[in-house]
Amino acid sequence: MGYSTQSFSCLCLLLCFVCIQAQDLQTYIVQLHPHGATRTPFSSKQQWHFSFLAKAVSSGEQDSSSRLLYSYHSAMEGFAARLTEDEVELLRECKDVLSIRAERRLEVQTTYSYKFLGLSPTREGAWLKSGFGRGAIIGVLDTGVWPESPSFDDHGMPPAPQKWRGICQGGQDFNSSSCNRKLIGARFFRKGHRVASMTSSPDAVEEYVSPRDSHGHGTHTASTAGGATVPLAGVLRNGAGEARGMAPGGHIAIYKVCWFSGCYSSDILAAMDVAIRDGVDILSLSLGGFPIPLYDDTIAIGSFRAMEHGISVICAAGNNGPIQSSVANGAPWIATIGASTLDRRFPASVQLGNGKFLYGESLYPGKKVPSSRKSLEIVYIRDKDKGSEFCLRGTLSKAQVRGKMVVCDRGVNGRAEKGQVVKEAGGAAMILANTAINLEEDSVDVHVLPATLIGFDESIQLQNYLNSTKRPTARFLFGGMVIGKSRAPAVAQFSSRGPSYTDPSILKPDLIAPGVNIIAAWPQNLGPSGLPEDSRRVNFTVMSGTSMACPHVSGIAALLHSAHPKWTPAAIRSALVTTADTADHLGKPIMDGDAPAKFFAAGAGQVNPGRAIDPGLIYDIQVDEYITHLCTIGYRNSEVFSITHRNVSCHDILQKNRGFSLNYPSISITFRKGMTRKMIKRRVTNVGNPNSTYSVDVVAPEGVKVRVKPRRLIFKHVNQSLSYRVWFISRKKIESKRMSFAEGQLTWLGVRNKATKVRSPISVTWASMK
């Protein structure tokens, strides 16, 4: 149809528009008013979207519709298109255009972890109470799936729920028969990736143009969230055990949005748009970047729509730790997950020529390869101009490393890639040495040659030995797998930290979950190291990252949804947060390096599915309360509208809601200059026994007096809500130009049921600015 009869406010600009010179096209996401006045004449929303392109694109271009990549309807109203800068400026002036955002590229960020978290198929607990997640649908946005993996076997699974409206999208080496009753849907989204990668080098990695996983990351995360039971699972006979996802009875739907060049925001938003209509219950996103304002964040905007539809959105906090305020995906309607360690180790120590031992870890199957224990000469090649200390490609001379054990500093290139570089140069083995950046962080790999990772303290000892002798030697001692002999959980060094840049009034991350050395499903097109040169083939491999922590909580959220199908996403997150563990398995504080973990690293603590499924009380949040919260943190009406699609007056909302505080399960207080008192209100809902009484216990942050009223809550029936108030009085002077922090906690204790503890972390910040 033609668009000549449609009047646009930008028409005068377009009439003056002279045919533009050829410019570089870039992808932009154009957000439109969901009830725009210019929508009426068009038969479909897509035709409405085309009309904007027809008016903005040069008249010399015959088919402007070819510029359209996606039309969005559920996660957001609008479209993604290829535009020039001049065309973007024209569109900004058009009626019903709310905002235009440039494409953003994001990055992707288990045989034992379910046992570590206390999940048992025989003991009364979260699995039995939820039917192992029966009926829940987990949507995974990632790199796709390898459907033949035993983790996606559908033996004993019921058909997909009647509400399911998804499809099994065909493509390269993938058709409708690739799905089953476990893997009930699969789609792929590549338009944003394809146009962004047009200038890629000709030798770029080939990928499956389908939901099939070329990368491994998506297969790994999907199996962690909802993988089936697989006996005798391990990596080259290491870490063997029975593999299970967190919700082994749940269904999985795959949305492939990530490719070797990254994950593009237009593709991510398209997947969220479709997933909402498909009928998922949980959305799991193990991807992100550095934090940006919520009104510019497509994940935050799309997840708000999902939350309105009753979908819990679980996101990785990011791998940019321990940098302060690096936590991503910090919207208050998202559950933001940091990473923690397990008490499972894969010892591979180094015995030096002087008899001393350096502790290391590796998943190389050295215990089964006698030659890997041979004593070798050590070389450490340092050429700062070439980067040979990092074992970068092309920096190692065969004459220097042939038949030797090569020391490679961690950083710059991938850990496993360093081993491949050493192997190609003729090296026989590798010691991967942590630097001051990584300290004692111990992410292991399935190396392509005998190798081990040593911590920073051991690296210093190794350097001292190398400097003490002319011909240093060493051999490896591979110890297989050891469980239960180390403190855990602890916060992973790489896990991103708060306070939240996007919203400091909300404590992020929300909690932590296992994310270091997680063994889960792996595709058959890749070796266990993930390197293209690795010809070995396995069904499982090891990975580390908040990407691995996120699907643990996604699966546990599916268990809670199955057990409590009427709970809102806020209720599910509340149950996870208020029941989290603050102590490790030895009963001592969870550690972050050499010190007890702070809330900005661990959030409320380690997820505890057994307690989360029966939390006693929950902090629920209604959609309108999130809108009020956005107004309280200073967002303008237009910014609130971009996120929520609600046309509101923040001035009026603030007038009606003086002293408002979001009913979040954690508490974050900021004292600015001249402020000494603050009051917050919270509302709890009884989801436990009908006649329940709770008394409050407070550990006040240092420098703060805390008063709670009432100090006792008496519930008469289930789903009854009661409110309480908390006054915080600062006794500390604010230091100029410095922020300071303190921590405490508020816990509601069951009077009759002593085991019920509903704990809220308290974070207090003193900021010098007003």
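The values are calculated or read from the model by the stated rules, or taken from the named source; none is laboratory data. This one's a predicted model, so the numbers in the text were calculated from it and none came from an experiment. Here Cβ is always computed from backbone atoms with ideal geometry, including for glycine, and neighbour counts include all displayed protein chains. Calculation scope for accessible area: heavy atoms of the full protein, side chains included, ligands and nucleic acids excluded. Shrake-Rupley method; radii C 1.70, N 1.55, O 1.52, S 1.80 Å.
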Once both labels are modelled 7 Å past Cα along the beta-carbon direction, what's the GLN26-SER176 spacing in nm?
4.2 nm
Give the span of the chain's Cα atoms along each principal axis, as three whole-Å numbers ordered largest to smallest.
81, 73, 61
Per 0.36 nm of contour for each residue apart, how much would the distance between GLU533 and ASN354 grow if the chain were fully extended, relative to their Cα-Cα spacing?
60.9 nm
So how much accessible area does LYS356 have, in Å² to the nearest 10, using a 1.4 Å probe?
130 Å²
Evaluate E = 1/(1 + (r/R0)^6) for GLU85 and ASP383, where r is the Cβ-Cβ distance and R0 equals 45 Å; express this FRET efficiency to the nearest 0.05.
0.55
Can you compute the radius of gyration and Dmax for segment 647-755, using only the Cα atoms, both in Å?
16.7, 51
Largest first, please: the extent of the C-alpha atoms of segment 352-476 along each principal axis, to the nearest Å.
34, 31, 27
Go through HIS564, HIS309, HIS193, HIS717 and list them by solvent-accessible area, largest first, probe radius 1.4 Å.
HIS309, HIS717, HIS564, HIS193
Any idea how far apart VAL482 and VAL412 come out in nm if each label point goes 7 Å out from Cα toward Cβ?
3.3 nm
Mark the label point 7 Å from the Cα of ASP697 along Cα→Cβ and return the residues of segment 607-632 whose backbone N is within less than 20 Å of it.
607-619
If R0 is 30 Å, what FRET efficiency do you get for HIS35 and PHE290 from their C-beta distance, rounded to 0.05?
0.35
Where the centre of each part is set by its Cα atoms, how far does segment 278-355 sit from segment 527-555, in angstrom?
16 Å
Which whole-number percentage describes the relative contact order of segment 352-476, with Cα contacts under 8 Å and a sequence gap of 6 or more?
33 percent
Throw me the Rg/Rh for segment 26-102, computed over C-alpha atoms with Kirkwood Rh, two decimals.
0.92
Might you tell me the accessible area per residue for segment 352-476, computed with a 1.4 Å probe and given in Å²?
44 Å²
Placing one identical point scatterer on every Cα of segment 166-284 and ignoring solvent, what is log10 I(q)/I(0) from the Debye formula at q = 0.10, 0.13, 0.18, 0.19 Å⁻¹?
-0.35, -0.58, -1.01, -1.09
Just report the Cα centroid separation between segment 671-691 and segment 457-506, whole Å.
40 Å
For segment 118-241, which whole percent of the accessible surface, found with a 1.4 angstrom probe, sits on carbon and sulfur atoms?
51 percent
Rounded to a whole number, what % of the accessible area of segment 26-102 do carbon and sulfur atoms account for, probe 1.4 Å?
42 percent
State, to one decimal in nm, how far the label point of SER44 lies from the label point of PHE390, with both points 7 Å from Cα in the Cβ direction.
4.9 nm
